[in-house]
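See below for the structure under consideration.
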Amino acid sequence: MGAALTLREVRQRRGGREVLRIDALDLGAGERLAVLGPNGAGKTTLLRLLAAIDMPTAGTVLVDGVRPTPGAVALRRRIAYATQRPGLLSTTVRRNVELPLGWRGVPRPQRRAAAAAALERFGVAHLADRRAAALSAGEAQRVNLARALALAPSLLLLDEPAAALDAEARQAFLSDVERALGESTTTVVHVSHRPEEAFWLADRVAALADGVIRQLATPETLLREPADPTVARVVGYENVLEAEIGPAGAVAVGGWTTGLRATGHGPAIVAVWAGGVHLRPTGSDGIPAWVERVTPGPGRWEVALAGTLPLRAHVPLSASPPRAGEPVVVVLDPALATVVASPRHASCVRAAPASSACSPS
Amino acid sequence: MDPVGEVLARSAVVSISATLIALAIGIPLGTALALARLPGRRPAAAVVNTGMAVPTVVVGLLVALLLWRSGPLGGLNLMYTLRGMVIAQVLIATPLIAGITMAALQALPPDLHDQLIGLGASRRQAVVRLWLEARVPLLAAAMAGFGHAVSEVGAATIVGGNIHGQTQVMTTAIVEGVGRGDFSAAAAYAAVLLGLAFVINALLTSVQQRSSSWARP
């Protein structure tokens, strides 16, 4: 059975600086929360509080209504925390997986069976008798996850488990994690700085920046309606621009009409995916710019634009790329852009338990 | 001088006892200095590191002042006894063992302790696992502690007094031999002392090297 989490007025200070500030966060039993944010946002700090490795400077953290503390061993043994670096012990892979089960008093035959099943689920059963020090980064991370999941925890805490893997290995690894969790009721808190990784397992995503949850929403809402420019950047928008909504709803950026429309009036933010920045020849309608740099990417040319607006655009690899220094006209695709009215992002500093966006204060 | 076998046995008993007691004190002390987030940890670590470099005659003098008949522990009648020599050697070996333990645990991956706690280890279970992870340098600490204890002469002379049949140990016997111009006897004692050090260290090295193969990729 998954554990329910409750955080209230949680503050964590380090070196005289507040590194985490969460007014309220609730997670239901069995829910899967991804915490998405850049390096230094406070993601690991949050996990360490949930794992009872650190105690908050102020506020309350409750797991199923009980405060997790280093001395609360029984509660801690319902939690499994997989750190970013696998932290395997210098013994065999099998022994690494069995050891935490031994701490829980699981008899040897059951330990063996649980370890074997967990290693099998992650495709590393053939490594059971190998020394942990001899594993590759990918293998070590699989063993790390197998070790955590073998415990059948009520609360699983994952700290960037795929950070050290290349793109292909990451996909396979995340698929295995998803399969291993399957229909389990384990509550999962998974932190990552990669949106695609965070969205993979999550029912809800908390966008964390500077220690504050800026928005708590479903992955879809977070992508479609980022609450502020910080969230837009955190979820991966390559272009986040200061904008102005005119009286008739026309959205202008840098004094240029974009063709985008929005309700409201006044300052706003336009977030556009690089795939939604289309390049046209000079003389077309749009925003003038010039090509600063062109680099090949996965299935596309990645174009850095300069001029009125610093923008990033993607051009299909099959198309001939523009040349550096070439003048172009930019058109923003409304289907791949979102307009955020200013009042929301100006005051978005609190995360309500089930809100889809920050509310103005 | 006493027969070699008798002096050898005395040296072994005193130094091995002192090393075992120093391990029992030094490893927990070094662990606390490495892991505990307590005020005063850094000054305490500096004191331990300084203790690693204190000359053995200074330790001998300190112990003698404590154990002297008029000293604070004079009532225990430990001056010029093997127990007094053990106390002196414990004070010599403990900072060394604590210092190496602290460095060994601090050299482990920084989040290993947190990972163990995060997987449900009690504090004691986590510390035991960390000791096992650091077993190679911890065995080096045991070797260094024993080597320091068995080879020191200053404290043994001051606290033990090199009394024949009672407190003469290998190092004080060598000094006495040289003092009398009996170099062949001194050389014989030296050879036996080296043999004792070699046997103990060979045993510990064998365990250490078997352990280290698990940590190598």
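Things to note:
- Most tightly packed first, judged by the mean number of other beta-carbon atoms within 10 Å of their residues, the peptides A:289-296, B:101-108 read B:101-108, A:289-296.
- Ordered by solvent-accessible area of protein heavy atoms (1.4 Å probe), largest first, the residues A:Trp256, A:Trp103 come out as A:Trp256, A:Trp103.
- Centre separation in Å (Cα based) which lies between segment A:46-63 and segment B:41-65: 40
- Computed over protein heavy atoms with a 1.4 Å probe, the carbon and sulfur contribution to the accessible area of segment A:199-292 reaches 52%.
- Rounded, prolate or oblate (a/c below 1.5 giving rounded, otherwise prolate when a/b exceeds b/c) for segment A:108-188 by Cα gyration tensor: oblate
- Percent carbon-and-sulfur accessible area, segment A:35-80, ignoring ligands, DNA and RNA, probe 1.4 Å: 56
- 3J(HN,Hα) couplings calculated from phi for segment A:15-28 with the Karplus curve 6.51 cos²θ - 1.76 cosθ + 1.60 (θ = phi - 60°) are, in sequence order, x, x, 10, 7, 9, 8, 9, 10, 6, 7, 8, 10, 9, x Hz; Gly and Pro show x.
- Which of B:Met85, A:Met55 is most accessible, then next, and so on - probe 1.4 Å: A:Met55, B:Met85
- Helical content of the protein assembly as shown, expressed as a calculated mean residue ellipticity at 222 nm, amounts to -13500 deg cm²/dmol (DSSP H runs of 4 or more residues, -39,500 (n - 2.57) each, divided by residue number, nearest 500).
- Cα gyration tensor category, rounded, prolate or oblate, for segment B:10-54 with a/c compared to 1.5: oblate
- Acute angle (nearest 10 degrees) that the helix B:82-106 long axis makes with the longest principal axis of chain B, alpha-carbon atoms: 30
- Rounded to the nearest 10 degrees, the inclination of helix B:56-67 to the longest alpha-carbon principal axis of chain B is 80 degrees.
- Surface burial for A against B, with a 1.4 Å probe and both sides summed, reaches about 2300 Å² of accessible area.
- Remark: segment A:153-165, residue by residue, has Karplus-estimated 3J(HN,Hα) of x, 7, 10, 10, 10, 10, 9, 6, x, 9, 4, 8, 9 Hz, where x stands for each Gly or Pro and the curve is 6.51 cos²θ - 1.76 cosθ + 1.60 at θ = phi - 60°.
- Between amide H atoms placed 1.01 Å from N, distances below 5 Å from A:Thr218 occur with A:Val205, all of them 5 or more places distant or on a separate chain.
- What you get for segment A:1-137, charging only the Cβ of Lys and Arg (+1) and of Asp and Glu (-1), is a dipole of about 460 debye around the Cα centre.
- 1.4 Å probe, heavy atoms, protein only - residues of segment A:141-169 losing at least 20 Å² accessible area vs chain alone: A:Arg147
- Cα-centre dipole for segment B:1-100 with unit charges at Cβ (Lys and Arg positive, Asp and Glu negative), debye to 20: 400
- Tilt relative to chain A, helix A:108-121 - C-alpha long axis, 0 to 90 degrees, to 10: 20
- For segment A:20-167, the relative contact order is 27 percent, taking Cα pairs closer than 8 Å that sit 6 or more residues apart in sequence and dividing their mean separation by the residue count.
- Ranking B:Thr205, B:Ala12, B:Ala187 by Cα position along the charge dipole of chain B, where only Lys, Arg, Asp and Glu carry charges on their C-beta atoms, puts B:Thr205 farthest toward the positive end.
- Candidates A:Ala134, A:Ala313, A:Ala206, ranked by Gaussian network fluctuation over chain A, Cα under 10 Å, top entry: A:Ala134
- With contacts taken as Cα pairs under 8 Å and at least 6 residues apart, chain A reaches a relative contact order of 17 percent.
- Among A:Ala128, A:Asn239, A:Gly138 the positive-end extreme of the charge dipole of the protein assembly as shown (Cβ point charges): A:Ala128
- Averaged over the residues of A:71-80, the number of partner chain Cβ atoms lying within 10 Å of the residue Cβ comes to 3.
- Scattering profile of chain A at q = 0.09 Å⁻¹ [log10 I(q)/I(0), Debye over alpha-carbon scatterers]: -0.60
- Around the amide H of A:Leu260, modelled in the peptide plane, lie the amide H atoms of A:Val251, all under 5 Å away and 5 or more residues distant in sequence or on another chain.
- Residues losing 50 Å² or more accessible surface upon assembly, segment B:79-111, compared with the chain by itself, 1.4 Å: B:Asp111
- Taking A:Arg280, A:Arg78, A:Arg94 as the candidate residues, the one with maximal mean-square fluctuation in a Gaussian network model of chain A, Cα springs under 10 Å, is A:Arg280.
- Placing +1 on each Lys and Arg Cβ and -1 on each Asp and Glu Cβ, with no other charges, gives the protein assembly as shown a dipole about its Cα centre of roughly 1320 debye.
- Heavy-atom accessible surface of B:Leu65, to the nearest 10 Å², is about 110 Å², with a 1.4 Å probe and all protein chains retained.
- The residues B:Arg42, A:Arg77, sorted by heavy-atom accessible surface at 1.4 Å with ligands and nucleic acids left out, run B:Arg42, A:Arg77 from largest to smallest.
- Rolling a 1.4 Å probe across the protein heavy atoms gives the protein assembly as shown an accessible surface of 44 Å² per residue.
- Solvent-accessible surface (1.4 Å probe) assigned to A:Leu260 amounts to roughly 10 Å².
The values are calculated or read from the model by the stated rules, or taken from the named source; none is laboratory data. Predicted model, so just to flag it, every value in this text is computed and none were measured. Reconstructed Cβ throughout: ideal geometry from the backbone, glycine too, with neighbour counts over all protein chains shown. Just the protein is used for accessible areas: all its heavy atoms, side chains included, with ligands, DNA and RNA removed. Shrake-Rupley method; radii C 1.70, N 1.55, O 1.52, S 1.80 Å.
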